[in-house]
Amino acid sequence: MKPYQPDQKAFARELRSHQTDAEQRLWHHLRRKQLLGLQFYRQKPIGPYIADFYCAAARLVIELDGGQHFEPAHQAKDQQRDNYLSQLGLLVLRFDNLQALKETEAVLQMIHQTLETRIPPTPLLQRGERPTATVPTAKDTPSTPSFSKDTPSTPSFAKDASPPPPFAKGGPGGISNSPEGEQ
């Protein structure tokens, strides 16, 4: 976890509740692991700064700059901030708000390319797929485990056992098969 100053946490929460239009548009595409299955955080405190967007797995910070960032005094502050973040091993990508609003696909493509260079390739990423979680149903996975003597830590499931209904006796939830009153 990157260091941050505790007083930044409340300010970051405030910023999250008052995002700019550009931040809202980009967040719509970054949230819920939509980009290469990677988690992004918005308004993430890092040291004395709050990054607009942060991906810990890629060590990437994304900043969206309004018009004030083109003033020389603000550019000097941005350079100081970028230097601090790069000393922590983070890469900073900067886009202006107009790019995020009017050229969203180009911004996303640049972020995607950067992520691909910063994340080691996996079979899913090489095929352009993103990882998804699937929850097996009771029909797919039998619920009666049996263990062999050869591999005690590896369960093998009975092929023809059908699981009990979820809330029936003996079903999931630790309800026993014994009639009530018997021990």
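Of all the Cα-Cα pairs you can form in region 1-60, what percent are over 13 Å apart?
When every Cα pair of region 1-60 is considered, 61 percent fall beyond 13 Å.
Could you sort the peptides 94-101, 27-34 by per-residue average Cβ neighbour count (10 Å cutoff), highest mean leading?
Working: 94-101: 17.8, 27-34: 14.6.
Result, highest mean first: 94-101, 27-34.
Any idea what the dipole of region 8-126 comes to, in debye rounded to 20, about its Cα centre with Lys/Arg Cβ at +1 and Asp/Glu Cβ at -1?
Approximately 580 debye in magnitude.
Using a Debye calculation, one point per C-alpha and no hydration shell, please list log10 I(q)/I(0) for region 8-126 at q = 0.15, 0.17, 0.19, 0.21 Å⁻¹ in order.
-0.67, -0.88, -1.10, -1.35
If R0 is 22 Å, what FRET efficiency do you get for residue 20 and residue 84 from their C-beta distance, rounded to 0.05?
Using R0 = 22 Å, I get an efficiency of 0.45.
FYI, it's all coordinate maths here, none of it is from the lab. Predicted, not measured: the structure shown is a model, and the values here were computed from it. Note that we place each Cβ from the backbone using ideal geometry, even for glycine, and neighbour counts take in every protein chain shown.
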